[in-house]
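Read the structure below first, then the notes.
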Amino acid sequence: MISDAIIQSIEKALKIKITHIEEINIGYSRKVYLLNNQYVLKMVLSEKKEADVLREITFLKTYSLPYAPHVLWMDKTRKVFPYTYYVETKLEGEPLLVRFPDLAEEEKKFVLEELLSILNHLHSLIPVVDERICLNILLGNYEEYINKAVQSHSLTREQLSYLMKLKGVIPTLFKDAKVGFIHGDLHFNNILIDDQLHLSLLDFEEATTFYLEKEYDPIYRMVRRPNSFIKGEKLTLDSKDFQTVPLFLEEQLSEKDASLFRARLLLFDCVNSLKWYYKYPEYDLYNEVLFQKSKILLK
């Protein structure tokens, strides 16, 4: 539970009396509480996560986006808690992941159109960086994950040779790819929908400047396995209820070459699988993505 010192510091800063506290989520990197059904308290739990959170707070305070929470106050002094904690406005609605299957087809289309409108604005917020920086980051991440897999003895010699061949196509695959500011962890459990079908975005901790296709990678992985993106809700989702999502995105975003859009999404899927492969080399999905589906990228 939250200490009296933290409660008192928030009451003093916001000039309120906290009468109701509800635990929303407790994970490995932070605790989240609802205060008075009006405010959201987020408490960082690790040094490693703190830098991401401070970057998120700076971004939210700088841009004050209508589709994102507003940071009302934060404490990073470590006087009453070992790490940063801060208070945001509570956004109305429930996770789009939960609501989407029950929407009519026209409502789904309306929601996806609004999502793209929000993302068009988000992607244009920060001046575009040199795309070579993004390429170097992508190649660096790929190399890092391969090294981890090698060190953990997760790869055979043939698998390593194949993955190095796959790495070789990345510069060509991302030649002239668009770069912009992205949310970085955009799946339907980080999107809220209200009764009027309007959307808000949550959790900007992984926001960064990168290739725009990377924005849709979590959505594609969510469509494939929606239940793996549930946080605490007691329900079972069917991937069939989300099958129209990639079709809509490809129609709206792929411009002249839908195959290139899909290929870049597949590469990001490979990078994500490679990231976790050294821990779970026996996981069928990672093997399928890395050594079967990826073959299309080498043709």
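The values are calculated or read from the model by the stated rules, or taken from the named source; none is laboratory data. In this text, all values refer to a predicted model and were calculated from it rather than measured experimentally. Note that each Cβ is placed from the backbone with ideal geometry, even for glycine, and that neighbours are counted across all protein chains shown.
Quick rundown of the values:
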{"read-out": "Output for the stretch 70-82, where each listed residue is crowded, with 17+ Cβ neighbours inside 10 Å and more than 15 Å from Ala13 (Cα to Cα)", "value": "Phe81"}
{"read-out": "Unmet requirement for Glu88, which otherwise passes all of (1) modelled with pLDDT of 95 or more; (2) under 30 Å from Lys240 (Cα atoms); (3) not in a helix (DSSP H, G or I)", "value": "(2)"}
{"read-out": "The stretch 74-110: number of residues that are touching a residue at least 60 places away in the same chain (Cβ under 8 Å) and either at positive phi or touching a Cys at 6+ places or on another chain (Cβ under 7 Å) (or both)", "value": "1"}
{"read-out": "Positions within the stretch 151-206 being polar (S, T, N, Q) and within 28 Å of Val44 (Cβ to Cβ), in sequence order", "value": "Asn189, Asn190, Ser200"}
{"read-out": "Test set (1) in contact with a Leu (Cβ under 8 Å, 6 or more places away or on another chain); (2) buried (at least 20 other Cβ atoms within 10 Å of the Cβ) - Ile296 fails condition number", "value": "(2)"}
{"read-out": "Filter result (free of Cβ contacts under 8 Å to residues at least 40 places away in the same chain, of a type in the set (D, E, K, R) and surrounded by fewer than 16 Cβ atoms within 10 Å (Cβ to Cβ)) within the stretch 15-69", "value": "Lys15, Lys17, Glu22, Glu23, Glu47, Lys48, Lys61"}
{"read-out": "Members of the stretch 1-14 that are over 17 Å from Thr84 (Cβ atoms), surrounded by 11 or more Cβ atoms within 10 Å (Cβ to Cβ) and at pLDDT below 95", "value": "none"}
{"read-out": "Residue match in the stretch 122-134 (condition: among the hydroxyl-bearing types (Ser, Thr, Tyr) and either in the same structural domain as Leu65 (by TED's automatic domain parsing) or at pLDDT below 95 (or both))", "value": "yes"}
{"read-out": "Pair list, Cβ under 6 Å, 6 or more apart: the stretch 275-291 residue touching a residue at least 24 places away in the same chain (Cβ under 8 Å), other residue of a type in the set (Gly, Ala, Ser)", "value": "Tyr277/Ala149; Tyr277/Ser154; Tyr278/Ala149; Tyr278/Ser152; Tyr278/Ser154; Pro281/Ser154; Leu290/Ser273"}
{"read-out": "Positions within the stretch 196-217 being of a type in the set (A, V, I, L, M) and part of a loop (DSSP other than H, G, I, E, B), in sequence order", "value": "Leu197, Leu202, Ala207"}
{"read-out": "Helices (runs of 4 or more DSSP H) contained entirely in the stretch 122-181, each with at least 1 residues that are within 21 Å of Asn287 (Cβ to Cβ), among the charged types (D, E, K, R) and without any contact (Cβ under 8 Å) to a residue 24 or more places away in the chain", "value": "131-151, 157-167"}
{"read-out": "Residue in the stretch 197-251 that is nearest to the chain's Cα centre (by Cα), counting only those that are among the aromatic types (Phe, Trp, Tyr) and under 26 Å from Lys31 (Cα atoms)", "value": "Phe204"}
{"read-out": "Residue within the stretch 186-195 that is in a loop (DSSP other than H, G, I, E, B), buried (at least 20 other Cβ atoms within 10 Å of the Cβ) and touching an Asp or Glu at 6+ places or on another chain (Cβ under 7 Å) present", "value": "yes"}
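Yes or no, residue by residue, for (1) at pLDDT below 95; (2) assigned to a helix (DSSP H, G or I); (3) in contact with a Phe, Trp or Tyr (Cβ under 6 Å, 6 or more places away or on another chain):
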{"position": "Ile219", "(1), (2), (3)": "no, yes, no"}
{"position": "Val223", "(1), (2), (3)": "no, yes, yes"}
{"position": "Glu233", "(1), (2), (3)": "yes, no, no"}
{"position": "Thr236", "(1), (2), (3)": "yes, no, no"}
{"position": "Glu251", "(1), (2), (3)": "yes, yes, no"}
{"position": "Lys256", "(1), (2), (3)": "yes, no, no"}
{"position": "Leu267", "(1), (2), (3)": "no, yes, no"}
{"position": "Leu274", "(1), (2), (3)": "no, yes, yes"}
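Rundown of residues vs (1) over 18 Å from the mean Cα position of the chain (by Cα); (2) among the aromatic types (Phe, Trp, Tyr), yes/no style:
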site: Leu54; (1), (2): no, no
site: Lys76; (1), (2): yes, no
site: Phe110; (1), (2): yes, yes
site: Leu115; (1), (2): no, no
site: Val129; (1), (2): yes, no
